[in-house]
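Just below is one structure, and these are the notes that go with it.
The values are calculated or read from the model by the stated rules, or taken from the named source; none is laboratory data. Note that the structure is predicted; figures quoted are calculated from it, not measured. Counting neighbours? That spans all protein chains shown, and the Cβs are built from the backbone with ideal geometry, glycine included.
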Amino acid sequence: MSAPAPAGTIRIRGGAIWDPAHGRRGEIGDLCIRDGRVVASLPKTSPVFDARGLLVLPGGVDLHSHVAGPSLRVARLLCPEAAGGPCLPSTEQTGRRYAAMGYTTVFEAAVAPVGARAAHHELDALPIVDKGLYVLAGNNAIALDLARRGRQEELRACMAWLVESARAYAVKLVNPGGVEAWKEGRDAGDQAPLLASLVRAIESLALPHPAHVHLPGLGAPGNASLTLALLDALGTARVHLTHLQFHSYGGRTPAGLRSRAPEIAAWLNAHERVTADVGQVVFGPAVTLSADAPAQHRLHRLTGRKWANLDVEGETGCGVVPHEYRSDRLVGAVQWAAGLELMLLVDDPWRIALTTDHPNGGPFTAYPTIIRMLMERGFRDALLRRAPEGLARRTVLSGLTREYSLEEIVIVTRAGPARALGLTNKGHLGPGADGDVALHRDAGDPESTFATPVAVFKDGILVAREGEIVARPAGRTFHAAPRRDGTAAAARFAAGLPEAFAASHSVPLEDFALEPGALARPESVAAGAA
Amino acid sequence: MPATRVRVPFCGLPCPDLTLDEAPGGAVRVTGGCAAGRGALAALAADDSSAGPRVAGRAASLEEALAAAAALLARARSPFIYGLSRSPVGAAREAARLAQTLGGAIDVEGSAPLDAEIEAMAIHGLCAATFGEVRSRADVALLWRCDPRAEHPALLPPAAKVILAPPRAGRAAGPVPAGDDGAGALSLPESDDLEILLALRAAVNGHPGLARPAGTAPAGALQEAAQALRTARYAAILWDHEAIAGPVGLAVASALMLLARDLNTGGRAAARPLGAGGNVAGAMSALLSVGGSPRALGFHGDAPRSAPESFSAAAMIEGGGADAWLLVGVRDLPAHGTPPPCVVVGSPSSPAADSADVFLPAAAPGLDGEGLFLRADGLPVPVRPVVSRGRMQEEALLAALRARCAGSAA
């Protein structure tokens with residue numbers, strides 16, 4: 001049953017407003033929110049929050065995280081030792097911790113279409129934050145068959161059907177064709193044509209967020225060559241490349257791993273239609289979970305850690321392996337450095353978002369520490385001095401002098417991800433924006449500044465104060481609405497669907513698509529609206 | 001009564017729809033599905049749908065009953081919530097949050113036999129697949145002490161070569177549809193479960209010298225089974241909760257999971273536990289997302305803690321560890337001494353409903369109840385009401401109860 005999200009009215013008075021989308025760089029002023037939306041002014045009698053001496057930022061936007069759905073269920077069963085901790089918090093704690101850190105929007109980045117109903121059910125229980133999910137399509141038997149037969153228009157209809165059925169916000173392509181090949185015990189071969197075909201189909205839908213691409217070769221030594229080859233094959237397509245750090249390696253073996261982030265960053269700098277998120281590694285325990293089941297199997301074989309896998313209905317895979325990124329081991333240190341190199345070498349902060357691919361690279365609660373690494377070269381250098389010998393020969397991080405400005409941090413954590421998502425009401429503080437605001441005290445070092453906001457507003461309602469949750473409104477769920485397609489190809493796809501679906505699924509087709517009322521608080525974003 | 005199609009996986013497996021209609025004599029008739037589903041739906045349909053809320057055995061308004069239930073639970077030092085095996089995921093989540101609010105404990109009926117499986121997975125991991133994957137890919141299937149083919153013939157592809165470790169004596173395997181047990185079928189020898197599995201693993205991993213279990217088992221059948229598994233394009237290993245019962249359940253579950261893992265070294269294989277039926281998988285999933293563990297959760301300190309020895313039905317009901325019960329959709333109540341104060345949510349025919357201090361009637365999922373079930377493979381199934389009986393949904397009742405208990409705590 002749909003219910004309107006609660007909304008508040010408040011004047012946030014006298015803070016230093018940082019709103020890169022509108023060129024505001026710390027100017028002192030009032031921010032007015034009426035009924036949950038930013039407005040130009042409010043009556044003088046409106047409630048006031050005194051923000052003098054504070055930084056006023058849009059609420060954080062995490063465009064790639066793993067917070068709900070069948071893969072998380074598998075991870076929780078496999079790793080009870082991590083339950084309740086930063087990598088596998090409860091659903092309730094996930095929403096609370098994001099909100100307490102000043103983040104107000106989060107996207108679950110990988111959901112099998114057939115699992116979308118359960119994932120949304122869990123997302124509905126995720127408190128405070130707005131959310132959405134990406135539906136997996138890169139190894140869907142129906143889509144692969146259409147792509148292989150060159151039925152591009154029907155493939156387009158298939159992508160629209162998946163988005164609509166799963167009430168998804170975007171389409172995620174994970175190692176396209178590679179997971180299906182692994183299930184069948186064969187080599188994936190050249191994946192570039194399939195990737196290009198899927199990306200074209202998704203691009204033609206004009207969804208608010210482009211194809212969200214997890215490239216083949218995840219975590220493999222030397223994968224940067226494959227990454228660059230595949231990216232070149234994509235031509236001028238508009239895509240989002242996710243957890244790019246994990247695809248930026250040289251070397252031939254794990255022991256020989258080195259960073260090729262500079263080349264990847266250079267490619268990104270030259271292709272302005274492409275956005276990315278980093279997937280930064282954080283030293284400490286992690287839980288790796290991915291639809292890239294063969295990559296997870298490789299990690300299991302490499303590390304000897306326990307492994308869970310779930311092959312899902314001719315749609316995708318799911319692999320989970322607990323992991324630890326050790327600062328005293330060269331492999332982990334190279335991964336850590338490669339992520340920072342990407343962040344520091346991509347010129348345009350609007351096109352690279354800060355993520356840890358929670359909990360793959362580490363927990364989202366590490367964002368304040370990463371922000372300090374980006375803003376303070378001295379902090380980085382201190383960490384590098386403790387790094388394993390040989391890191392300097394395998395990375396260029398020690399030579400990078402760039403320090404992010406506060407404005408750039410606001411971009412990579414808020415404005416940029418919102419723009420990449422096509423969420424016009426998020427990531428900025430202009431009139432019409434959602435009243436999602438984080439107030440931070442400049443505590444001297446960026447980590448302390450960003451760890452605990454003084455106050456967080458969600459839709460104009462005060463939800464967190466000095467790290468304590470003081471209100472628990474329910475957030476909305478964004479989903480994209482592809483245009484209705486009345487073409488003959490769409491009709492052919494619909495006609496063939498029952499048979500194709502039954503061949504790979506054990507659930508009835510009539511139960512597959514979520515009904516319009518299935519989400520608690522849906523917000524539809526039309527195709528082409530971004 | 002017009003024939004009504006009911007799609008609820010009371011068995012936790014992909015199962016044909018049930019049909020509810022009226023027999024010529026006027027009795028409610030259930031056809032289709034499997035035996036477990038027919039039995040479950042017939043029981044729900046026979047329920048007294050006119051029963052209203054009761055407090056101390058007397059009719060009460062909903063408001064009075066909720067207030068009395070909240071007061072009873074809030075007074076308890078060690079309240080225990082139990083049942084939920086046929087409750088939708090949302091109701092189970094509300095129940096877990098209520099346990100958290102009360103500082104009590106919660107367990108899912110029917111989940112105890114899965115302990116070995118849960119523990120083995122947390123130790124070794126589990127390479128699994130959904131039922132659709134098994135049906136569309138498996139060319140070899142090992143049925144370990146279970147044989148679901150009679151009731152669920154569509155679980156396996158017809159051409160799959162079956163290796164059968166027959167269900168233990170006393171368990172009905174049921175007739176296998178003609179043609180499904182084709183010429184390639186293999187039967188594993190009768191012997192100690194663990195010994196056979198260890199020998200099978202050894203044979204699969206190319207250690208034939210180890211592949212002879214003690215006792216009477218001929219090594220030839222094991223070698224043949226191992227060869228079939230090793231050369232399969234996609235091997236499936238199925239078992240149910242009774243197959244991992246007993247004192248060596250953890251070792252057997254571990255051996256099955258490790259066998260699946262081993263087979264993925266050179267080929268592909270997937271384990272597919274068949275679960276415990278109903279919505280046990282969904283209720284356990286709800287507990288996982290609230291408290292980080294699928295069963296026997298206690299919310300007594302800063303963080304929830306899973307401890308079957310303290311928070312299971314065996315400890316809290318049989319062992320008398322609880323001083324108040326909230327029973328939600330309970331089907332069988334464990335043996336117990338003098339019951340403590342008790343609230344029952346569900347059917348008037350539930351155990352303890354007659355003697356409960358507070359009884360709150362709730363809609364029955366599959367009949368007038370709605371929500372989400374998870375099958376044993378974790379895939380969601382929407383449950384929709386097929387009749388209207390004016391009863392509140394379990395989730396709404398539990399949410400109302402939680403709101404009152406939270407108010408009491410404040």
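In segment A:308-355, what residues are away from chain B (no Cβ under 14 Å), among the charged types (D, E, K, R) and not in a loop (DSSP other than H, G, I, E, B)?
Listed by number, the residues that qualify are A:E324, A:E341, A:R351.
Just name the residue that is surrounded by the most Cβ atoms within 10 Å (Cβ to Cβ) out of those in segment A:196-224 that are in contact with a Gly (Cβ under 8 Å, 6 or more places away or on another chain) and among the aliphatic types (A, V, I, L, M).
A:L207
Quick one: count up the residues across segment A:126-155 that are over 19 Å from the mean Cα position of the chain (by Cα) and of a type in the set (A, V, I, L, M).
Looking only at that region, the number is 7.
Quick grid of which residues meet (1) within 12 Å of chain A (Cβ to nearest Cβ); (2) within 21 Å of the chain's Cα centre (by Cα):
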| site | (1), (2) |
| --- | --- |
| B:G220 | no, no |
| B:E224 | no, no |
| B:L229 | no, no |
| B:P247 | no, yes |
| B:L263 | yes, no |
| B:L297 | yes, yes |
| B:G301 | yes, no |
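Filter segment A:512-521 down to the residues that are within 12 Å of chain B (Cβ to nearest Cβ), part of a helix (DSSP H, G or I) and modelled with pLDDT under 95, then identify the one that is surrounded by the fewest Cβ atoms within 10 Å (Cβ to Cβ).
Top of the filtered list is A:G517.
Just need a number here: residues in segment B:231-251 that are buried (at least 24 other Cβ atoms within 10 Å of the Cβ) and at pLDDT below 95.
4
Being of a type outside the set (D, E), touching a Gly at 6+ places or on another chain (Cβ under 6 Å) and under 19 Å from B:L274 (Cα atoms) is the filter; apply it to segment B:1-24 and report the residue that is farthest from the other protein chains (Cβ to nearest Cβ).
If we take residues in segment B:1-24 being of a type outside the set (D, E), touching a Gly at 6+ places or on another chain (Cβ under 6 Å) and under 19 Å from B:L274 (Cα atoms), then B:F10 is farthest from the other protein chains (Cβ to nearest Cβ).
Mind listing whichever residues of segment B:278-295 are assigned to a loop (DSSP other than H, G, I, E, B), more than 17 Å from B:A314 (Cβ to Cβ) and within 10 Å of another protein chain (Cβ to nearest Cβ)?
Scanning segment B:278-295 gives a single hit, B:G292.
Would you be able to tell me the number of residues in segment A:14-48 that are among the small types (G, A, S) and touching a helix residue (DSSP H, G or I) at 6+ places or on another chain (Cβ under 6 Å)?
Final tally of qualifying residues: 1.
Residue pairs, Cβ under 9 Å, 6 or more apart or interchain, first in segment A:320-333 and touching a residue at least 40 places away in the same chain (Cβ under 8 Å), second part of a strand (DSSP E or B) and among the hydroxyl-bearing types (S, T, Y). List them.
A:V320/A:T288; A:V320/A:S290; A:P322/A:T288; A:V331/A:Y325; A:G332/A:Y325; A:A333/A:Y325
Give the residues of segment A:262-303 that are closer than 25 Å to A:R419 by Cβ and of a type in the set (G, A, S), sorted by residue number.
A:A265, A:A266, A:A270, A:A276, A:G279
Could you say which residue among A:F283, A:F364 is surrounded by fewer than 23 Cβ atoms within 10 Å (Cβ to Cβ), modelled with pLDDT of 95 or more and away from chain B (no Cβ under 14 Å)?
A:F283
Identify, by number, the condition in (1) within 13 Å of chain A (Cβ to nearest Cβ); (2) surrounded by fewer than 22 Cβ atoms within 10 Å (Cβ to Cβ) that B:A271 doesn't meet.
Condition (2) is where B:A271 drops out.
Are any residues in segment A:184-199 in a helix (DSSP H, G or I) and touching a helix residue (DSSP H, G or I) at 6+ places or on another chain (Cβ under 7 Å), and if so, which ones?
A:A192, A:L194, A:L195, A:A196, A:S197, A:L198, A:V199
Among the residues of segment B:102-142, write down those that are surrounded by 24 or more Cβ atoms within 10 Å (Cβ to Cβ), more than 13 Å from every other protein chain (Cβ to nearest Cβ) and within 28 Å of B:D332 (Cβ to Cβ).
Passing the criteria: B:L102, B:G104, B:A105, B:I106, B:D107, B:V108, B:E109, B:G110.
Checking B:P157 against (1) within 27 Å of B:L367 (Cα to Cα); (2) in a loop (DSSP other than H, G, I, E, B); (3) within 13 Å of chain A (Cβ to nearest Cβ), which test does it fail?
In the conditions (1) within 27 Å of B:L367 (Cα to Cα); (2) in a loop (DSSP other than H, G, I, E, B); (3) within 13 Å of chain A (Cβ to nearest Cβ), B:P157 misses (1) alone.
Considering every residue within segment B:35-47, establish whether at least one is surrounded by fewer than 24 Cβ atoms within 10 Å (Cβ to Cβ) and either among the β-branched types (V, I, T) or in a loop (DSSP other than H, G, I, E, B) (or both).
Yes, segment B:35-47 contains a residue that is surrounded by fewer than 24 Cβ atoms within 10 Å (Cβ to Cβ) and either among the β-branched types (V, I, T) or in a loop (DSSP other than H, G, I, E, B) (or both).
Answer yes or no: is there a residue in segment A:376-386 that is surrounded by 21 or more Cβ atoms within 10 Å (Cβ to Cβ), touching a helix residue (DSSP H, G or I) at 6+ places or on another chain (Cβ under 6 Å) and not charged (D, E, K, R).
No, there is no match, as no residue in segment A:376-386 is surrounded by 21 or more Cβ atoms within 10 Å (Cβ to Cβ), touching a helix residue (DSSP H, G or I) at 6+ places or on another chain (Cβ under 6 Å) and not charged (D, E, K, R).
Can you pull out the residues in segment A:208-231 that are more than 16 Å from the chain's Cα centre (by Cα), over 18 Å from A:A293 (Cα atoms) and not in a helix (DSSP H, G or I)?
Within segment A:208-231, just A:G222 meets the criteria.
Considering each of A:P368, A:P294, A:P388 in turn, give the residue that is closer than 24 Å to A:Y134 by Cβ, assigned by TED's automatic domain parsing to the domain that holds A:T253 and either in a loop (DSSP other than H, G, I, E, B) or touching a Phe, Trp or Tyr at 6+ places or on another chain (Cβ under 7 Å) (or both).
None of the others qualify; the one that does is A:P294.
Please state which one of B:P334, B:P304, B:P308, B:P348 is in contact with a helix residue (DSSP H, G or I) (Cβ under 7 Å, 6 or more places away or on another chain), more than 30 Å from A:L72 (Cβ to Cβ) and surrounded by fewer than 24 Cβ atoms within 10 Å (Cβ to Cβ).
Within the list B:P334, B:P304, B:P308, B:P348, the selection yields B:P334.
Find the residue count for segment B:218-246, including only residues that are touching a helix residue (DSSP H, G or I) at 6+ places or on another chain (Cβ under 8 Å), in contact (Cβ under 8 Å) with a residue 60 or more places away in the chain and outside any loop (DSSP other than H, G, I, E, B).
11
Let me spell it out: the conditions are (1) part of a strand (DSSP E or B); (2) over 30 Å from B:A403 (Cα atoms); (3) of a type outside the set (V, I, T), and B:D107 meets all of them except one. Which number is the exception?
(2)
Looking at (1) more than 21 Å from the chain's Cα centre (by Cα); (2) in contact (Cβ under 8 Å) with a residue 40 or more places away in the chain, find the lone condition where A:H300 falls short.
Going through (1) more than 21 Å from the chain's Cα centre (by Cα); (2) in contact (Cβ under 8 Å) with a residue 40 or more places away in the chain one by one, A:H300 breaks only (2).
Working only within segment B:369-381, note down all residues that are on the phi < 0 side of the Ramachandran plot and crowded, with 20+ Cβ neighbours inside 10 Å.
If the condition is that a residue be on the phi < 0 side of the Ramachandran plot and crowded, with 20+ Cβ neighbours inside 10 Å, then B:G369, B:L372, B:F373, B:L374, B:R375, B:A376, B:D377, B:L379, B:P380, B:V381 are the ones that fit.
Please enumerate the residues belonging to segment B:335-386 that are of a type in the set (D, E, K, R) and more than 23 Å from the chain's Cα centre (by Cα).
Across segment B:335-386, the qualifying residues are B:D354, B:D357.
Can you tell which of A:A160, A:A188 is under 25 Å from A:G528 (Cβ atoms) and among the aliphatic types (A, V, I, L, M)?
A:A160
Among the small types (G, A, S) and under 23 Å from A:C32 (Cβ atoms): does that describe A:A464?
Here the answer is yes, as A:A464 does meet what is asked.
Across segment A:159-173, what is the number of residues that are part of a helix (DSSP H, G or I) and more than 16 Å from A:A196 (Cβ to Cβ)?
7
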